[in-house]
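Comments concern the structure below.
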Amino acid sequence: MLTWYWERSGPNHFGRSVFWRRYLRPVNSLLPVVSVAAQNLPQLYRFCFLMTGEASKAQDIFQDTLREAAFLAAKGEPPANRYWFFREARWRCLDVVAHGVQPEHGASESTEVSRQAPAQIEQLEPEQLAIWISAAPEPQRSALALYYLDEFNYREMMSVLGLKVNELSRAIASGRREFQAWLNATVPAAAPE
C-alpha cells in the first residue's frame, strides 16, 4: 500500500521560496524503525540515564534520539540497526555532560570485584548507580553504562563504542574495581554466615 507524503523545501516558512512536493512512499517503510525502536526503548532510556545521571536530561536525549530516527526514516534513510540508537544517544549524552558540571579527576580507590557485588547493587537506588557511572571518565562511562544494562555482548559494545577489545576490557575492569570500592563504602557487604 502506498501513501502520499508532503515535504517542504525552501529557506524559510515566512512565504519566501517555500516549495512543497508530494511523493509516494510505502506505508510500511517506517515499520523497521518502529520495531527496532520499540524493542530498545527501555534500554535506550536507561542508557541515557546512566550516562547523564539525571532523569530530565536522559528524557530529553532519549526523545531527541527517537526524533532523529523518525526524521531519517521519513527521508528514506532509516537507522541501519539497534546500535545506531545507542551510538546517537551516546554522542548526545557526551555533549550534554560536557556542558555541565565536570567531575574532579583524581586517583580513585580500587578493589577486586566481590562475589557479593550483585547483592550490594540491588540495595542501591537507580539514581545512585546513574550518578556514579555518569561521573566516570570517558570511555569508561559509556562502557560501564552498556555493561550494566546487561543487553550487549563484548562485540556489540565494541561496535557501539568504537573501541578495541583490549580498550573495552580495560575500561570495564578498572571501572568495576573502582565501583566495587565505592560500593563497599556506600553499601557494605553483609558478613558471611
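General remarks:
- Helices (runs of 4 or more DSSP H) wholly inside the range 96-163 containing at least 2 residues that are modelled with pLDDT of 85 or more and within 23 Å of K57 (Cβ to Cβ): 126-134, 140-149, 154-161
- Every test in (1) touching a Lys or Arg at 6+ places or on another chain (Cβ under 6 Å); (2) open to solvent by 70 Å² or more (accessible area, probe 1.4 Å) is passed by H99 save one, and that test is (1).
- Within the range 123-166, tally of residues that are aliphatic (A, V, I, L, M) and either under 23 Å from A189 (Cβ atoms) or surrounded by fewer than 15 Cβ atoms within 10 Å (Cβ to Cβ) (or both): 9
- Positions within the range 63-91 being open to solvent by less than 60 Å² (accessible area, probe 1.4 Å) and either basic (K, R) or in contact with a strand residue (DSSP E or B) (Cβ under 7 Å, 6 or more places away or on another chain) (or both), in sequence order: R82, R90
The values are calculated or read from the model by the stated rules, or taken from the named source; none is laboratory data. Keep in mind it's a predicted model, so treat the numbers as computed, not measured. Cβ coordinates were reconstructed from backbone atoms using ideal geometry, including for glycine residues, and neighbour counts include every protein chain displayed. Note: accessible area is taken over every heavy atom of the protein model, side chains too, but ligands, DNA and RNA are not part of it. Shrake-Rupley method; radii C 1.70, N 1.55, O 1.52, S 1.80 Å.
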